[in-house]
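Here the structure comes first, spelled out in structure tokens, and everything after it is commentary.
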Amino acid sequence: MLDVYYWGTPNGLKIKLYLEEAGLPYRIIPVDIGKGEQFQPAFLKIAPNNRIPAIVDNEPADGGGPLSLFESGAILLYLAEKTGRFIPRDLRGRALTLQWLFWQVGGLGPMAGQNGHFNQYAPQRIPYAIERYTKETNRLYGVLDRALAGRDYLAGEYTIADMASYPWIVPHERHGQNLDEFPNLKRWFLAIRERPACQRAYVGVEQSYSRTMSEEERKILFGQTAGSHRS
């Protein structure tokens, strides 16, 4: 049984998507990031960066005690290696999968995240920031679209690279992007959306995006410094 410290963000949904695809037994432990639960000492022992997702594998392959991990890319790779699923076994397929996994972690996620912040959550509209991140998101969509030309998925077969990227494409409209401009990306997106495991992973998620963020939640999510939670 895996304990999954989770909230319905794109990074959290990557892990839930994998677990549903792989059919692994898991227990969701909600971490309400709007209430600041990610700063609780017990959670920080598992995820020192005070971000979800994190997991605790209560039955690691080495037979030792529970193993905790944070960072969504590391978790996806760990789960893929644990199960032997959704990561190619051949050298080139594995290398291709890891390239796109790290591309998402280092590029698509951070840029789309800043896009969402300045478009939706910033208390003041800053035209330069909005334009900067909307354009960069658009550029990254183009990279993804070209990579998917002539192939169903990023590494040919469906892998953790696709699971990492898909949740960051879901909010494309809020990020100012039109999937009709990216036919290969749109085909890929719709194919993943129709997967039964994806539909299970996303049950109830839209409600969390539709509500208005309070000023207190804004301070908790965007107002932290190194000294905010020193004991």
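The values are calculated or read from the model by the stated rules, or taken from the named source; none is laboratory data. As the structure is a computational prediction, the values presented were derived from the model and not from experiment. We place every Cβ from the backbone using ideal geometry, glycine too, and count neighbours over all the protein chains shown.
How many residues does segment 10-40 hold that are touching a residue at least 12 places away in the same chain (Cβ under 8 Å), over 29 Å from TYR158 (Cβ atoms) and not hydrophobic (A, V, I, L, M, F, W, C)?
Here the count works out to 5.
Show me the helices (runs of 4 or more DSSP H) found entirely inside segment 103-193 where at least 2 residues are more than 24 Å from LEU17 (Cα to Cα) and out of contact with any Gly (no Cβ under 6 Å at 6 or more places or on another chain).
127-147
What pairs come up if the first residue lies in segment 156-168 and is touching a residue at least 40 places away in the same chain (Cβ under 8 Å) and among the hydrophobic types (A, V, I, L, M, F, W, C), the second is part of a loop (DSSP other than H, G, I, E, B) and surrounded by 24 or more Cβ atoms within 10 Å (Cβ to Cβ), and their beta carbons are under 8 Å apart, counting only those six or more places apart or on different chains?
Once the first residue is touching a residue at least 40 places away in the same chain (Cβ under 8 Å) and among the hydrophobic types (A, V, I, L, M, F, W, C) and sits in segment 156-168, its partners that are part of a loop (DSSP other than H, G, I, E, B) and surrounded by 24 or more Cβ atoms within 10 Å (Cβ to Cβ) give ALA161/LEU154.
Please find, within segment 64-122, the residue that is surrounded by the fewest Cβ atoms within 10 Å (Cβ to Cβ) out of those that are among the aromatic types (Phe, Trp, Tyr) and farther than 20 Å from PRO171 by Cβ.
PHE102
Check off (1) touching a strand residue (DSSP E or B) at 6+ places or on another chain (Cβ under 9 Å); (2) assigned to a helix (DSSP H, G or I) for ILE87 and give me the number that stays unchecked.
(2)
Could you list, in sequence order, all residues of segment 160-177 that are out of contact with any Ser or Thr (no Cβ under 9 Å at 6 or more places or on another chain) and β-branched (Val, Ile, Thr)?
ILE169, VAL170
Among VAL105, VAL205, which is the only one that is modelled with pLDDT under 95 and under 20 Å from ILE75 (Cβ atoms)?
VAL205
Filter segment 142-184 down to the residues that are of a type in the set (Ser, Thr, Tyr) and closer than 25 Å to ILE130 by Cβ, then identify the one that is surrounded by the fewest Cβ atoms within 10 Å (Cβ to Cβ).
So, considering only residues that are of a type in the set (Ser, Thr, Tyr) and closer than 25 Å to ILE130 by Cβ, the one surrounded by the fewest Cβ atoms within 10 Å (Cβ to Cβ) is TYR166.
Of the residues GLU194, GLU181, GLU215, GLU131, which single one is at pLDDT below 95 and among the acidic types (Asp, Glu)?
So the residue among GLU194, GLU181, GLU215, GLU131 that is at pLDDT below 95 and among the acidic types (Asp, Glu) is GLU215.
Results for (1) among the β-branched types (Val, Ile, Thr); (2) more than 17 Å from the chain's Cα centre (by Cα); (3) under 29 Å from LEU96 (Cβ atoms), shown as yes or no for each residue.
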residue: LEU140; (1), (2), (3): no, no, yes
residue: LEU154; (1), (2), (3): no, no, yes
residue: ARG174; (1), (2), (3): no, no, no
residue: ALA191; (1), (2), (3): no, yes, yes
residue: ARG200; (1), (2), (3): no, no, yes
residue: PHE222; (1), (2), (3): no, yes, no
residue: ALA226; (1), (2), (3): no, yes, no
